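Below you'll find the structure, written out as structure tokens, and then a few comments.
The values are calculated or read from the model by the stated rules, or taken from the named source; none is laboratory data. Just so it is clear, the model here is predicted, and its values are computed rather than measured. Positions of Cβ are backbone-derived with ideal geometry, glycine not excepted, and every protein chain shown enters the neighbour counts.
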């Protein structure tokens, strides 16, 4: 059984608190969705959170290009059990939300072609979500450092 926890701390650089709070809540919901095991994900929630043009970029994934709407997040967390995601800080700027994150979990399944090791792994990083004109997440840029 997978246990997932998530904690957050936030701050804003904008005075438009209504839209800022809505974007912060949207990104927290997106992280919650991605922390859910793929078989348990609700397609309706996915459609509310992610634009059909959703793309992921970053050093760990270079340019992934467009992804089918059914697979945002590449099922990154499915190779881990006992997982936790701490959103240590969230900052808004225009159409972007920048999140400083710490992920930890036990490597109990396939992860990017690596067989399970049973080891506890931790990654610190930054994730930038850009919102599209439809109010959903259109892009994700991430940098993670695994320890």
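Considering each residue of region 7-16 in turn, at least one proves to be modelled with pLDDT under 55, on the phi < 0 side of the Ramachandran plot, surrounded by fewer than 18 Cβ atoms within 10 Å (Cβ to Cβ) and under 15 Å from the mean Cα position of the chain (by Cα). Restricting 118, 109, 133 to residues that are farther than 15 Å from residue 31 by Cα, modelled with pLDDT of 95 or more, more than 16 Å from the chain's Cα centre (by Cα) and assigned to a loop (DSSP other than H, G, I, E, B) narrows the list to 118.
Cβ-Cβ distances below 6 Å connect the following pairs, each with a first residue in region 28-57 that is within 15 Å of residue 80 (Cβ to Cβ), a second residue that is in a loop (DSSP other than H, G, I, E, B), and a separation of six or more residues or different chains: 37/2.
So how many residues does region 17-55 have that are crowded, with 17+ Cβ neighbours inside 10 Å, within 18 Å of residue 142 (Cα to Cα) and at pLDDT 90 or above? Matching residues across region 17-55 total 10.
Scanning region 75-92 for residues that are within 16 Å of the chain's Cα centre (by Cα), modelled with pLDDT under 80 and on the phi > 0 side of the Ramachandran plot turns up at least one hit.
Residues that are surrounded by fewer than 17 Cβ atoms within 10 Å (Cβ to Cβ), touching a residue at least 60 places away in the same chain (Cβ under 8 Å) and closer than 16 Å to residue 56 by Cβ within region 102-141 comprise just one, 132.
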